[in-house]
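Here the structure is laid out as structure tokens; the discussion comes afterwards.
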Amino acid sequence: MSNQPQGTRALPESSSAAHILAEKIDREGPIPLSEYIDIANTAYYASKDPIGEDGDFVTAPEISQMFGELVGIWLSDLWLRKGSHDHVHYVELGPGRGTLASDARRAMSKFGCHPQVHFVENSPVLKAKQAALHRSAAWHESIDSLPTDAPLMIVANEFFDALPVEQFISTKAGWRRHMVARERNKFIAIPGTQAIENQVSKSSAGLSIGTILESSPASIQILGDLSSRIAKQGGVILIIDYGYDRPGTGSTLQAVKNHMPISPFDSPGTADLTAHVDFHSLSNIAKTRLLSIHGPAEQGQWLKALGIDQRAKRLAQMVPKKADAIRAAHHRLTHCDEMGRLFRVMAASSMDWPEPEGFTYGES
Ligand code: SAH
């Protein structure tokens, strides 16, 4: 995390999100950072499929089928131990190309688990890709329309990092909200003018000038609502994302375009804006809804506990000419210098569902 001031590049003429934002700021004055991210990311995901080697970033299910398969096996195990409900829903938040759901469903079907499939997705481009793989799925613009009649098995891989964050910055005049303004045809982040001391916890009083506190009210709202549903209907949510386990300071907002980091204020709507996921706050909100929390664990250790080493070996034996690629994918998903440590896995389940696998490695 860093406390560097952000936003110094010229505004490109061609981006429609940049125009919408510029007009809004010229009309209304500086807008909260969270609103800037919301507008930029909605335009970004609506404009293209950004996932894959040819896009802006690659996600775990696109690296190897092993990832989705192990998620499917993990869900099946819970489902079987809970008593194999006939009626259960598989829900995925931000399913991207639908690859994880394909691999997970194939694995689940081996155990006789055939849940109804629901996708929460707001990108028309990605919805079309998902529809090509999952003809019988139901799509939802938001979590509000998810079914209420049966247990939910919810999966969110790299979904929460795409939700807007807001930031507070400590100034000589006190705590201020981070706002986005325009200066000489560029977007810049500036402290707001209104005092917001009551929104910052008392423990932040001694922090030095320039310190940034970040939070994601949108993430808290979504997980709070889903947790209430799970507490009532039964089930589990599995969250996999890059993030941190303890509260910290500094901005984690970043932008990625063509696999390269750029300034988050450089070209809104044409780069992927993300922030690290605050697992501490997510686990707290799920606890307030009386769910039991598992993890966060490191992705590498979680996948190993579920048997990724054995699966990689078996796949390499089955398709020897792909053995090197399989070994490389295994390394990328599990090694601590790759996705193995930065990515975290957390589950929250209703009290009447069994203890999920994968979170007790290292214990005797
Ligand atoms: N889970 C996929 C894709 C991750 S990219 C994978 O692992 O490959 C983020 C996904 O979340 C995309 O599908 C994007 O369209 C979706 N998304 C982002 N913000 C969203 C929002 N506010 N509501 C619904 N879907 C959203």
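The values are calculated or read from the model by the stated rules, or taken from the named source; none is laboratory data. Because the structure is predicted, anything quoted here is derived from the model rather than measured. Using ideal geometry, Cβ is built from the backbone for each residue, glycine included, and neighbour counts are taken over all protein chains shown. With ligands, DNA and RNA removed, areas are computed over all heavy atoms of the protein, side chains included. Shrake-Rupley method; radii C 1.70, N 1.55, O 1.52, S 1.80 Å.
Is it the case that A150 is away from the ligand (no atom under 13 Å from the Cβ), more than 20 Å from V236 (Cβ to Cβ), touching a residue at least 12 places away in the same chain (Cβ under 8 Å) and not in a strand (DSSP E or B)?
Answer is no for this residue.
Could you check, for the stretch 15-29, whether at least one of its residues is part of a loop (DSSP other than H, G, I, E, B), exposed (fewer than 15 other Cβ atoms within 10 Å of the Cβ) and either at pLDDT 95 or above or touching a Leu at 6+ places or on another chain (Cβ under 8 Å) (or both)?
yes
From I143, I188, grab the single residue that is away from the ligand (no atom under 16 Å from the Cβ) and either hydrophobic (A, V, I, L, M, F, W, C) or in contact with a Phe, Trp or Tyr (Cβ under 7 Å, 6 or more places away or on another chain) (or both).
I188
For (1) without any contact (Cβ under 8 Å) to a residue 12 or more places away in the chain; (2) over 19 Å from the mean Cα position of the chain (by Cα); (3) near the ligand (Cβ under 9 Å from one of its atoms), each residue gets a yes or a no:
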| residue | (1), (2), (3) |
| --- | --- |
| S16 | no, yes, no |
| I20 | no, yes, no |
| I25 | no, yes, no |
| E28 | yes, yes, no |
| P32 | no, yes, no |
| I39 | no, no, no |
| K48 | no, no, no |
| T59 | no, no, yes |
| M66 | no, yes, no |
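Report, by residue number, each residue of the stretch 86-103 that is open to solvent by less than 30 Å² (accessible area, probe 1.4 Å) and either modelled with pLDDT under 95 or away from the ligand (no atom under 14 Å from the Cβ) (or both).
Matches in the stretch 86-103: V88, H89.
Going through R135, R106 one at a time, which residue ends up being over 18 Å from D49 (Cα atoms), part of a helix (DSSP H, G or I) and either within 14 Å of the ligand (Cβ to nearest atom) or open to solvent by 10 Å² or more (accessible area, probe 1.4 Å) (or both)?
Residue meeting the stated conditions: R106.
Here are some residues: G174, G83. Which one is more than 14 Å from the ligand (Cβ to nearest atom), in contact (Cβ under 8 Å) with a residue 12 or more places away in the chain and at positive phi?
Answer to the selection: G174.
Within the stretch 241-257, take every residue that is at pLDDT below 95 and within 16 Å of the ligand (Cβ to nearest atom) and give me the one that is most open to solvent (accessible area, probe 1.4 Å).
K257
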